[in-house]
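A short worksheet on the structure shown next.
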């Protein structure tokens, strides 16, 4: 199988998540690419399946991943695919937060015309070591509002690695058990 794992990251947690996803496709012909570094000729039609990951910032995803999905939505819609939406909201159970990230996904789908077969909401991380003063202050406020204890000098990872592994293994099992879109 030829698998594309494409991601966009701001502070690095989505890269870490994409690397964990890629590790679940050992033995397959897997390509892991940061969308910012993607070659111009990268096209999903070259693959049997795609996993695309991006993180929510200011109620949207990175423009490069949105552009890629919009440019390639026809091919993505005709192949097995997963969209991984990474956010801090996915770590909690606040209905308003969960509704907010679901709305981000719906907006992304409307903007790109890509309808992923599977959507995973994955918790991100507080990356205080990557924040400037103002973002650190804002993120401490968010953590306080959500009753999450943080140390502004250390990162705090909220990603549920076991759940991510389980979900990706389940997706991979569907690929093995049925005929695939054929890569060119």
Mean projection of the alpha-carbon convex hull of segment 1-89 over all orientations, in nm²?
5.6 nm²
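Evaluate the relative contact order of segment 20-128 (contact order divided by residue number), counting alpha-carbon pairs under 8 angstrom at least 6 apart; express in whole percent.
Details: 139 pairs, mean separation 31.8, N = 109.
Across segment 20-128, relative contact order equals 29 percent.
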Once the Cα atoms of helix 133-145 and of the chain are each reduced to a long axis, what angle between those two axes, in degrees from 0 to 90 to the nearest 10, is obtained?
90 degrees
Which order results if 72, 59 are arranged by neighbouring Cβ count within 10 Å, fewest first?
59, 72
Binned at 10 Å from zero, the C-alpha pair distances of segment 117-172 give percents of 21, 41, 24, 14, 0
For all pairs of alpha-carbon atoms in segment 83-163, what percent lies in each bin of width 5 Å, listed from the first bin to the last filled one?
3, 14, 22, 22, 18, 13, 7, 2, 0
So if I take the centroid of the Cα atoms in segment 140-178 and the same for segment 1-36, what is the distance between those two points in Å?
15 Å
Test of understanding: express the Cα radius of gyration of the chain as a ratio to 2.2 N^0.38 Å, with N the residue count.
1.03
Exposure proxy check on 56, 150: fewest-to-most Cβ neighbours within 10 Å is 150, 56
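Counting pairs of Cα atoms in segment 66-120, how many percent are more than 20 Å apart?
On the way: 381 of 1485 pairs.
That fraction is 26 percent.
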Degrees separating the helix 161-176 axis from the principal Cα axis of the chain, which is the longest one:
10 degrees
Over the chain, relative contact order from alpha-carbon pairs under 8 Å, at least 6 apart, %
24 percent
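Throughout, read-outs are computed from the coordinates displayed, never taken from laboratory work. Every value quoted in this text rests on a predicted model; they were computed, and no experiment measured them. FYI the Cβ positions are ideal-geometry reconstructions off the backbone, even for glycines, and counts take in every protein chain you see.
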